[in-house]
1. Can you give the local net charge around V13? Use residues other than it whose beta-carbon is closer than 11 angstrom to its beta-carbon, Lys and Arg +1, Asp and Glu -1.
2. Treating cross-link reach as a plain straight distance, find the aspartates and glutamates whose alpha-carbon is under 19 Å from the alpha-carbon of K34, omitting any fewer than eight places away in the same chain.
3. Please sort by residue number the GluC sites (Glu not before Pro) in segment 13-86 whose DSSP state is loop and whose Cβ has at most 11 other Cβ atoms within 10 Å.
Amino acid sequence: MSIKSPRIDPRVVRTRQLIRDAFIDLLQEMELEKITVNRIAERATINRVTFYLHYKDIPDMVERMADDMIREFHAVLQDIPNEPHAETSWTILVSIIEHIAEHAAFYKIVLASKRIPAFTDRLMNLMVELISSRAENRIASLTVTSVNVPKDIAIWYGSSALIGTIVYWLRSDMPYTPLFLAKQLSILFRLPQNAAE
């Protein structure tokens, strides 16, 4: 039985999107520490009071935007059909990279150029969780038995390598398609690719 999340008023969604877009625009122009609520409100064409109806302050906004980012990843992952284990890992990798490409302007700023810890840390935790829950046996069989690397180190390495590769891909203006990048990463991580891809 699935639990439905409460429906959010479209005006609230629109206002938060305006705030998010204004924040990302400002991050392209200046450092996080120089961004003020006034600047965000002005860029978003809202007033300060409206900003404070949604967020306590800028750190609260950043934390909640990072939470939203993870919710978006979970929504993407939820759409993945239940497949055999090996195919699921490949599908997850492709879905994550395609999602990042689709929202490249956002991820290029928060992960690749500014490296805002709230976003990087949340994404790292998500990758560790995914690798642990979905690919732990695969990593364990590849690394732990062949070179005696503890599972936690193999998981840290895999998630850091994945995020690092995505960051450089974004910084390089995504010179490869998401599918090509996923194929290359699957070779590096020895994930079987879906024959249909």
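1. For residues surrounding V13, the net value is +3.
2. D21, D25, E42, D57, D60, E63
3. Answer by residue number: E31.
Bear in mind these aren't lab numbers, they're just calculated from the coordinates by the rules spelled out. This structure is a prediction, so every number in the text was calculated from the model and none was measured. With ideal geometry, Cβ positions are generated from the backbone for all residues, glycine too; neighbour counts draw on all protein chains shown.
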